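Report on the structure given below.
Nothing in this text is a laboratory measurement; each read-out follows from the coordinates by a stated rule. Here the structure is a predicted model, which is why all the values come from computation and not from measurement. Here the Cβ is made from the backbone with ideal geometry for all residues, glycine too, and neighbour counts use every protein chain on show.
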Amino acid sequence: MPTLLVPEPPVPDQFPSRKRFTRDEVKFLVDNNLLTERYELIDGEIVIKMPQNHPHRLTLLIIALWLEQVFGRVFVQTQQAIQIDKKDAHTNDYEPDITVYNRSALEFLPNEPTDQDVVLVVEVSDSTLATDRNIKAKIYARSHYREYWIANVKKRQIIVHRDPTADGYTAVSVYTAEEEIATLARPDAKIRVNDLFPPDVSSKQE
Amino acid sequence: MPTTLMPEPEIPERYPNRKRFTRDEVKFLVDNNLLTERWELIDGEIILVMAQNPPHNSTLLLIAIWLEQVFGRLFVRTQQAVEVAIKERKRNYPEPDISVLTKPLHEFYSRHPNPDEAVLLVEIADTTLTSDQCEKRDLYARAGVGEYWVADVKNRQIFVYRDPTSNGYTAVSMYTAEEEIATLARPDAKIRVNDLFPPDVS
């Protein structure tokens, strides 16, 4: 049985009165070479994207391949921007690691998919776990995305968020490696959580 | 007797990989109208200086006037930058509410005071320090500023920070309204904490 999680106390903002950048302002920084790295704009904060490490990339690939088997190749995309609620859109700009659609991506691209198109959003998380859980979860919930998974690479767990409200997801549970998991959209297609992560090299060496 | 306080726990970074701006980059933002508010730069983060409420402003005025009486009119500066440790200047530009200086104001028309030219910095806060104000205080400690006061307007208290080290101020005490307080530089010039705050209307 997955473990139900009570909502975490919000992480206090270290800089409560910081300047929050908008997408337009960030574009200006990029155009003027003040921002040359890959970045995400999260709640007005410019966060530099670290290169993905090997376990992160592998996990992303394994989960995407499984979702493609369940939903079909043209229903799954990686690193595709999705529409964010108007209130949040000007200070938030990032692409979920994986998005799963209820219709072929070819039908709506190049338009950004909306909550009407998306049945599952997935973030693969190692160093970004706190942001993925506390900040992005709120943004995705406010934009009505009905299911949001965080794959915790280090712990080999999936955190499943359901029932989006304006205050965040109200049903949050953790699935550990030995449990079976399925999406809301295809509850019949089950998989063991452990099979969504690459082989654990460290434990084999012991 | 003032109450001795333990240092508070550090707040973890919400965005460890956030972009840290330099002074030059902030100047570029200002020149291009991307930053039109009053600002400070703390650890590469641009902090907007909020419009202050009336009790905040009158506390600032009362404390500044008392410090002018103690140190002289030309030795007290309000809402102007002070320099920090040299290696931290590139990504920091803090502005204390009040600086008490060792040299008169006209020395600082073309530059800001160095940390060793400040004997006391004062911040006016609504209650306790917000976490960005804590960052700022630690910056002054690392720069070696000998004394730092935080005036808690709501509770009519003053937090006094002394003994700066590279890890922050190690001596922290709180003075409540009925206690007497004095600066390290002029221990003879005492005042009742309550007299540094505007009359309590509520």
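Just a few scattered comments:
- Relative contact order, percent, chain A [alpha-carbon distance under 8 Å, six or more residues apart]: 19
- Cβ neighbours within 10 Å from other chains - mean over B:17-24: 5
- With Cα atoms, 0 to 90° folded angle of helix A:54-71 axis to chain A main axis: 70
- The mean number of partner chain beta-carbon atoms within 10 angstrom of a residue's beta-carbon across peptide B:188-195 is 0.
- Taking the C-alpha atoms of the protein assembly as shown, convex hull volume expressed per residue in Å³: 185
- Prolate/oblate/rounded label for the range B:126-199 (Cα gyration tensor, a/c 1.5): oblate
- The overall shape of the range A:24-114, judged from the alpha-carbon gyration tensor, is oblate: a/c is not under 1.5, and a/b is no greater than b/c.
- Global geometry of the range A:12-56, whether rounded, prolate or oblate, following the gyration tensor of its Cα atoms and the 1.5 cut on a/c: oblate
- For residues of B:121-130, the mean tally of beta carbons on other chains within 10 Å: 1
- Considering only A:VAL74, A:VAL124, A:VAL174, the Gaussian network model of chain A with Cα springs below 10 Å gives its largest mean-square fluctuation to A:VAL74.
- Computed [θ] at 222 nm, helices only, for chain B once each DSSP H run of length n ≥ 4 contributes -39500 (n - 2.57): -6500 deg cm²/dmol
- Total formal charge among the other residues, if their Cβ is under 10 angstrom from that of A:ASP117, Lys/Arg +1 and Asp/Glu -1: -2
- Think of the protein assembly as shown as having a plus end and a minus end, set by charges on the Cβ of Lys, Arg, Asp and Glu; of A:GLN14, A:ILE63, B:VAL76, A:ILE63 sits farthest toward the positive end of this dipole.
- Axial C-alpha extent at least 20 Å, average Kyte-Doolittle at least -0.5 - helices from chain B (DSSP): B:54-71
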